[in-house]
Each structure stands twice: as C-alpha cells, then as structure tokens.
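Accompanying notes for the structure given below.
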Amino acid sequence: MDNPSRGPLRAQHRRERHKIARRLLQSTDLQIQQVAEQAGFASATVFGRCFKRAFAQTPRAYRQSLPTNRQ
C-alpha cells in the first residue's frame, strides 16, 4: 500500500540529492559515476535521467557550463 504522506518526503530527499550532486559537479573533478554514487543515486544512468528532468541538461553539460575556475 502506498502512503501518500511519503510524497513530500521523497520530494525533499530528491531535492537534497540534487543539491549534493550540483555541489559536487561545481566543486570537484569527480567522474559523473562518482558524483552519482556520492549523491545517492542507483547508477550514473539514473542520475543522468533525474538530473536532466530537474535541470533540463545533463550533468556533463551542467559542469561544462560552469566557469572553469572551480574552487
């Protein structure tokens, strides 16, 4: 049985994983697979699909759009 009250928790969890992933893409040179793992995604494929749905670009495109002087 699906619990409707879990919807907001899932959404919050997803936002947190996206936040972690964006920070890692911005501040590290980790491979996409490693970013996916550290952000809690099941695979790089799942991560890429979710990231693109949320931000309208792939993790790689997002990283390439950033200024080159990462900290």
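Anything in the range 8-29 that is assigned to a helix (DSSP H, G or I) and of a type in the set (D, E, K, R)? List them, or say none.
Passing the criteria: R10, R14, R15, E16, R17, K19, R22, R23.
For beta carbons closer than 7 Å, sequence separation of 6+ or different chains, a first residue in the range 27-43 that is over 17 Å from R15 (Cβ atoms) and among the hydroxyl-bearing types (S, T, Y) and a second that is in a helix (DSSP H, G or I) and open to solvent by less than 100 Å² (accessible area, probe 1.4 Å), the qualifying pairs are S43/A36.
Here is a check on your reading of the model: is A11 hydrophobic (A, V, I, L, M, F, W, C) and at pLDDT 95 or above? Taking the combined requirement at face value, the residue does not satisfy it. Picking from residues in the range 16-32 that are surrounded by 14 or more Cβ atoms within 10 Å (Cβ to Cβ) and of a type in the set (D, E, K, R), the one that is farthest from C50 (Cα to Cα) is R22.
The values are calculated or read from the model by the stated rules, or taken from the named source; none is laboratory data. Here the structure is a predicted model, which is why all the values come from computation and not from measurement. We place every Cβ from the backbone using ideal geometry, glycine too, and count neighbours over all the protein chains shown. In case anyone asks, the SASA skips ligands and DNA or RNA and just uses the protein heavy atoms, side chains included. Shrake-Rupley method; radii C 1.70, N 1.55, O 1.52, S 1.80 Å.
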